[in-house]
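**Student:** I have a structure here, written as structure tokens, and I will follow up with some questions on it.
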Amino acid sequence: MAKILRAIFYLIIGRFIILVILGIDIKRRELLPAKGPAIIAANHNSHLDILLLMSILPWKAALNAYPVAAADYFLKNKIMSWFSHNIVGIIPIKRKPSAADRDILAPCYDKLSDGKIIIIFPEGSRGEPEVMGELKSGIAHIVKRMPEVNVVPVFIRGLGKALPKGEALLVPLICKVYVGESISAISDKVKLMEALKNSFEALSHEEKHSDFK
């Protein structure tokens, strides 16, 4: 039942919100992973980021994609916890683990080992609308453990204005999505984070100078 509800949420409700109410322009959609294991790394300005990313993936890939999300926020009560697990399909990660916790990234390893796609927002949380925050290194730990898994950078522009942090009213606004070339076989933490940062900067620069509407 949860799988059916998740399909309805993403493939019908989610795509209606993103593709009909908002609308998107996407560049290089073909670079998105059609299957796992793979990591999608995207900038983060809105809760709609997850819906957007699921909407642009091929439908089979979307049903095998799982967003990494903060456990303290998405599991803060029973109703939200049920919705987050069964409908959104999050991989909950503790932002402030205790000394007794095992490797908090273990669920990510498990999903990738099972051939799934995981979605990561390296900034860690939603920041100031349309402003790229500092990247956290959690993704580098995953890649170090599983260097054979490609990282696909995705830059999103517009959702920070369509539904920014702290707002509940959706503003119809066409959003732009830029998919970058995958980053692979970089197990060194510093080099991986540098490559990811450079990719986001290049995609942001491309968006600022693009004439496609």
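The values are calculated or read from the model by the stated rules, or taken from the named source; none is laboratory data. Source: prediction; values computed, not measured. As a convention, Cβ positions derive from the backbone with ideal geometry for all residues, glycine included, and neighbour counts pool all protein chains shown.
**Student:** Out of curiosity, is S84 in contact with a Phe, Trp or Tyr (Cβ under 9 Å, 6 or more places away or on another chain), without any contact (Cβ under 8 Å) to a residue 24 or more places away in the chain and not aromatic (F, W, Y)?
**Tutor:** yes
**Student:** Here's something else I'd like to know. Could you please let me know if V179 is surrounded by 13 or more Cβ atoms within 10 Å (Cβ to Cβ) and not polar (S, T, N, Q)?
**Tutor:** yes
**Student:** Right, next: Return only the number of the condition from (1) of a type outside the set (F, W, Y); (2) under 15 Å from the mean Cα position of the chain (by Cα); (3) at pLDDT below 90 that V20 does not satisfy.
**Tutor:** (2)
**Student:** All but one of (1) hydrophobic (A, V, I, L, M, F, W, C); (2) over 16 Å from I40 (Cα atoms); (3) part of a strand (DSSP E or B) hold for A202; state the number of the condition that does not hold.
**Tutor:** (3)
**Student:** A further question on this structure: Being without any contact (Cβ under 8 Å) to a residue 40 or more places away in the chain, of a type in the set (S, T, Y) and not in a strand (DSSP E or B), is that true of even one residue in segment 53-63?
**Tutor:** So far as segment 53-63 goes, no, none of its residues is without any contact (Cβ under 8 Å) to a residue 40 or more places away in the chain, of a type in the set (S, T, Y) and not in a strand (DSSP E or B).
**Student:** Please list, ordered by first then second residue, the pairs with beta carbon atoms under 6 Å, 6 or more apart or interchain, first in segment 19-46 and part of a strand (DSSP E or B), second among the basic types (K, R).
**Tutor:** So the pair list comes out as D25/K176.
**Student:** What are the residues in segment 178-208 that are charged (D, E, K, R), closer than 15 Å to P122 by Cβ and touching a residue at least 24 places away in the same chain (Cβ under 8 Å), if any?
**Tutor:** Result: K189, K197.
**Student:** Just to be sure I understand, how many residues within segment 22-61 are more than 24 Å from K208 (Cβ to Cβ) and small (G, A, S)?
**Tutor:** Selection size over segment 22-61: 4.
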